[in-house]
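Asks: The structure is given below, and queries will be raised subsequently.
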Amino acid sequence: MEKSQKKPREGGAVKAILLPALALLLIAGVSSFLLAFVNDVTAPIIAEREAAERAEAMAAVLPAAATFSEKKTVSLTVDGEDEEIVYYEGLDSTGALVGYVFTASGAGYGGDVSVMTGVDMDGVVTNIEITGINETPGLGMRAQEESFLSQYIGKSGSLTVSKTAAGDEIQALTGATITSTAVTDAVNAALAAWQTITGGTAA
Amino acid sequence: MKFYIALLLMGLLTQNFILSKFLGICPFLGVSKKLNTAAGMSAAVIFVMLLSTAVCYPINLFLENHDLAYLQTIVFILVIAALVQFLETVMKKYMKALYQALGIYLPLITTNCAVLGVVILNVDNGYNFPQSMVNSLAAGLGFGLAMILFAGVRGRLENNDIPKFMEGLPVTLVAAALVSLSFLGFSGIIEGMGLL
Amino acid sequence: MKKQKKNSLCKEFTKGIIKQNPVLRLVLGTCATLAVTTSFVNGLGMGLAVIVVLVCSNVVISLLRKAIPNKVRIPAYVIVIAAFVTIVQMIVKAYVPVLDEALGIFLPLIVVNCIILGRAEAFAGKNPVLASALDGLGMGVGFTAALCTMGLFRELVGSGTILSGIQSLLSIFGDNVFGGFNGIDLYEVFPWLEKLSLQPITLFILPSGGFFTFGVLMAITNRLAEGKGEKKAELPDCAACPMASACRMKPEEQHKEGTA
């Protein structure tokens, strides 16, 4: 390392420039080839795993459903912006519609917080699950705890967050109001989507 | 507009790259001894962050459109390294004064995780081009703020009696803990201003 | 002659664990150290990922050391390292997705972890394959040990759990290894903790607690090292910096001001 390493200088011999460039190109080519190969092997496994996780989460947020429909979308206006919300219809063993599962997100500190919300036919939240979150450990990350998530079960209409949680409000996590609001925004978007789909008002 | 202000405030205060995300710790500990070197390093980092984001954004679009997203890491680090090298050569030749001020820090920036970090974060968070640029600016400014503040803190540390076993790096890290703790006090600001 | 060789190989492995521990003695890879040690499992996962990348890149770089032109060796090293990092990233995503979520951006950022490029430049680029592999393994184990220590402490004090979520790592070996052991929650084992309203000190898993824990750990290692007549750990100086050859900072500053 102590040797004085000279950077490539312009105007050098062709060999002095061509050879290193060729070596780099070769290494980069082999690396990319290797990566493409590993990607080919792992990509289907990753996709399969994600699908399995999604199915598991869907079953958890809408336990009444035995099977789910294909992916559907509904567009609605949230805060003056058009949003596309993905949802699945939940069917019981006889094929009757028992509720919906929505995937929506709210803006947190570390990007979007993605939430899967189960809503039954009365517009009541059956359960929610967080599918993507990247918040501060110890603060926002605690949104994944059962004690926080279970607050949403049985709620309907439009939810609000507060630090002192009076009545029907959602109690914000200590030191992580933004994350709490992000989750609530996502649930509210799901509930709004429910209204758009069913045309009904919550019980 | 609100979102851009939120991005700026997050980068500067609540989600500070150094004090809350732990990106760019090496220069934070290594180059914060004197105020002028801290400022020079920060300026170089801001510059390279903005430039890398501007260059990597279209490249990433290309990669994603061609199902080559798995090449992101390797392409980004090479682009950043090439960019820094190119910048250094150009500066040295045509902008002597700027080279004296910033150029000496450039080689150190290639392996600075804050630069690669901001590029990857922009992609992960799905920011569009203006959002990516503002986020990079905010990250760079936050980096600078922490560097400059900490240079001041270290200046004060120098003149104090420190228990022998804490001398050097340990006390520097504990001081960093206190600065980081004080930034926690800003955590309500985004919500208080209703920005997110 | 043979025995001597064996001894020196053994030394290549052990030096990284204690004497030249990359985190606590050489002060390299601090970003990852501070960021992922919010729990033991995250620290261990990060450490394992680094071991894989470090050993693989050391071996490949050592194999190619005569083929890579000196001028472009740093970019060549970076490509090799980035390729292995991406491979590890894809494998983690496919088989241990929980870890991928926990490590987040710090998984791809292994590329710029100074330990890896540092070992490539300081060791693998000049030494034979076996020695380079052992060097990488030793450094990786040293890194992992430091991360696990910090993770264990921060998790215990900050969330009141021990080895929480370990099953996600063990699941590589099959379902319900060790009877589905998934860590200990002190508040379940000792319910009286709650009654005494002894809460975990959340601060320790916050960023600030990371700096603090690292500082204290560094003070302890310095003390131990001094007892053995070793130098204190200093901020990374130019000897450890992979970019030293390209660096043009003034010599008097260079002494103290190190890597990026």
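The values are calculated or read from the model by the stated rules, or taken from the named source; none is laboratory data. Computed from a predicted model, the values in this text were never measured in an experiment. Because the Cβ atoms are built from the backbone with ideal geometry, glycine has one as well, and the counts that use them run over all protein chains shown. Note: areas computed on protein heavy atoms with side chains; ligands, DNA, RNA excluded. Shrake-Rupley method; radii C 1.70, N 1.55, O 1.52, S 1.80 Å.
Asks: Quick one: in region A:19-34, which of the residues that are among the hydrophobic types (A, V, I, L, M, F, W, C) and within 7 Å of chain C (Cβ to nearest Cβ) is farthest from the chain's Cα centre (by Cα)?
Replies: A:19
Asks: Out of (1) at pLDDT 85 or above; (2) more than 9 Å from every other protein chain (Cβ to nearest Cβ); (3) crowded, with 20+ Cβ neighbours inside 10 Å; (4) more than 30 Å from residue C:222 (Cβ to Cβ), the odd one out for residue B:90 is which?
Replies: Every condition holds for residue B:90 apart from (3).
Asks: Still on this model: Which one is modelled with the lowest pLDDT among residues in region A:146-182 that are under 17 Å from residue A:116 (Cβ atoms) and open to solvent by 60 Å² or more (accessible area, probe 1.4 Å)?
Replies: A:146
Asks: Going by the structure shown, is residue A:37 surrounded by 14 or more Cβ atoms within 10 Å (Cβ to Cβ), more than 9 Å from chain C (Cβ to nearest Cβ) and outside any loop (DSSP other than H, G, I, E, B)?
Replies: Spelling it out, it is not the case that residue A:37 is surrounded by 14 or more Cβ atoms within 10 Å (Cβ to Cβ), more than 9 Å from chain C (Cβ to nearest Cβ) and outside any loop (DSSP other than H, G, I, E, B).
Asks: Another question about this same structure. What are the residue pairs meeting all of these: first residue in region C:9-33, first residue among the acidic types (Asp, Glu), second residue buried (at least 24 other Cβ atoms within 10 Å of the Cβ), Cβ atoms under 7 Å, and 6 or more apart or on different chains?
Replies: C:12/C:135; C:12/C:138
Asks: Looking at B:6, B:81, B:43, B:54, can you tell me which residue is at the interface with chain C (Cβ under 9 Å from one of its Cβ atoms), open to solvent by less than 60 Å² (accessible area, probe 1.4 Å) and either of a type in the set (A, V, I, L, M, F, W, C) or in a loop (DSSP other than H, G, I, E, B) (or both)?
Replies: B:81
Asks: A follow-up question, please. Inspect region C:92-100 for any residue being within 7 Å of another protein chain (Cβ to nearest Cβ), within 30 Å of residue A:26 (Cα to Cα) and in contact (Cβ under 8 Å) with a residue 12 or more places away in the chain and give the result as yes or no.
Replies: No, the conditions are met nowhere in region C:92-100.
Asks: List the helices (runs of 4 or more DSSP H) that sit entirely inside region B:112-196 and contain at least 1 residues that are within 8 Å of another protein chain (Cβ to nearest Cβ) and within 22 Å of the chain's Cα centre (by Cα).
Replies: Hits in region B:112-196: B:113-124, B:169-184, B:189-192.
Asks: I would also like to ask the following. Of these, A:125, A:98, which one is part of a strand (DSSP E or B) and open to solvent by less than 10 Å² (accessible area, probe 1.4 Å)?
Replies: Unique residue meeting the criteria: A:125.
Asks: Restricting attention to region C:196-215, does a residue exist that is free of Cβ contacts under 8 Å to residues at least 12 places away in the same chain, of a type outside the set (S, T, N, Q) and over 30 Å from residue C:30 (Cβ atoms)?
Replies: yes
Asks: Got at least one residue in region C:158-179 being aromatic (Phe, Trp, Tyr) and open to solvent by less than 30 Å² (accessible area, probe 1.4 Å)?
Replies: No, that holds for no residue.
Asks: Next up: Pick from region C:61-83 the residues that are open to solvent by 40 Å² or more (accessible area, probe 1.4 Å) and in a helix (DSSP H, G or I): which of them is modelled with the highest pLDDT?
Replies: Ranking the candidates gives C:63 first.
Asks: Being more than 8 Å from chain C (Cβ to nearest Cβ) and either modelled with pLDDT of 85 or more or under 30 Å from residue A:87 (Cβ atoms) (or both): is that true of residue A:10 here?
Replies: no
Asks: Regarding region B:23-42, can at least one residue be identified that is at pLDDT 90 or above and either of a type in the set (A, V, I, L, M) or within 20 Å of residue C:35 (Cα to Cα) (or both)?
Replies: Yes.
Asks: Would you check which residues across region B:58-78 are more than 11 Å from chain C (Cβ to nearest Cβ) and among the β-branched types (Val, Ile, Thr) and list them?
Replies: Listed by number, the list holds a single entry, B:59.
Asks: Using the structure shown, decide if residue A:182 is under 23 Å from the mean Cα position of the chain (by Cα), within 12 Å of chain B (Cβ to nearest Cβ) and of a type in the set (A, V, I, L, M).
Replies: Spelling it out, residue A:182 is indeed under 23 Å from the mean Cα position of the chain (by Cα), within 12 Å of chain B (Cβ to nearest Cβ) and of a type in the set (A, V, I, L, M).
Asks: Listed residues C:110, C:91, C:87; which is surrounded by fewer than 21 Cβ atoms within 10 Å (Cβ to Cβ) and out of contact with any strand residue (DSSP E or B) (no Cβ under 7 Å at 6 or more places or on another chain)?
Replies: C:91
Asks: Please go through region B:94-111 and give me each residue that is surrounded by fewer than 21 Cβ atoms within 10 Å (Cβ to Cβ) and either in a helix (DSSP H, G or I) or facing chain C (nearest Cβ under 9 Å) (or both), ordered by number.
Replies: If the condition is that a residue be surrounded by fewer than 21 Cβ atoms within 10 Å (Cβ to Cβ) and either in a helix (DSSP H, G or I) or facing chain C (nearest Cβ under 9 Å) (or both), then B:94, B:96, B:97, B:98, B:99, B:100, B:101, B:104 are the ones that fit.
Asks: Which members of region A:185-203 meet the condition of being under 17 Å from residue A:104 (Cα atoms) and either more than 14 Å from chain B (Cβ to nearest Cβ) or loosely packed, with under 15 Cβ neighbours inside 10 Å (or both)?
Replies: A:187, A:188, A:189, A:190, A:191, A:192, A:193, A:194, A:195, A:196, A:197
Asks: While we're looking at this one, here's another question. Please state which of the following conditions residue B:171 fails to meet, knowing it meets all the rest: (1) in contact (Cβ under 8 Å) with a residue 40 or more places away in the chain; (2) open to solvent by less than 30 Å² (accessible area, probe 1.4 Å).
Replies: (1)
Asks: Filter region C:182-214 for residues that are surrounded by fewer than 20 Cβ atoms within 10 Å (Cβ to Cβ) and either within 14 Å of chain B (Cβ to nearest Cβ) or within 25 Å of the chain's Cα centre (by Cα) (or both) and give the result.
Replies: Result: C:182, C:183, C:184, C:201, C:202, C:203.
Asks: Something else: Output yes when any residue across region A:79-86 is at pLDDT below 90 and hydrophobic (A, V, I, L, M, F, W, C), and no when none is.
Replies: Yes: region A:79-86 contains one or more residues that are at pLDDT below 90 and hydrophobic (A, V, I, L, M, F, W, C).
Asks: For region A:128-145, give me the residue count where each residue is outside any helix (DSSP H, G or I) and either without any contact (Cβ under 8 Å) to a residue 24 or more places away in the chain or more than 15 Å from residue A:65 (Cα to Cα) (or both).
Replies: 12
Asks: Further question on the same structure: Confirm whether residue C:100 is touching a Leu at 6+ places or on another chain (Cβ under 7 Å) and part of a helix (DSSP H, G or I).
Replies: Yes; evaluated as a whole, the condition is true for this residue.
Asks: Which one of A:123, A:154 is out of contact with any helix residue (DSSP H, G or I) (no Cβ under 7 Å at 6 or more places or on another chain), more than 14 Å from chain B (Cβ to nearest Cβ) and on the phi > 0 side of the Ramachandran plot?
Replies: Testing whether each residue is out of contact with any helix residue (DSSP H, G or I) (no Cβ under 7 Å at 6 or more places or on another chain), more than 14 Å from chain B (Cβ to nearest Cβ) and on the phi > 0 side of the Ramachandran plot leaves just A:154.
Asks: Can you name the number of the only condition in (1) of a type outside the set (D, E, K, R); (2) within 8 Å of chain C (Cβ to nearest Cβ); (3) not in a helix (DSSP H, G or I) that residue B:16 fails?
Replies: Answer for residue B:16: the failing condition is (2).
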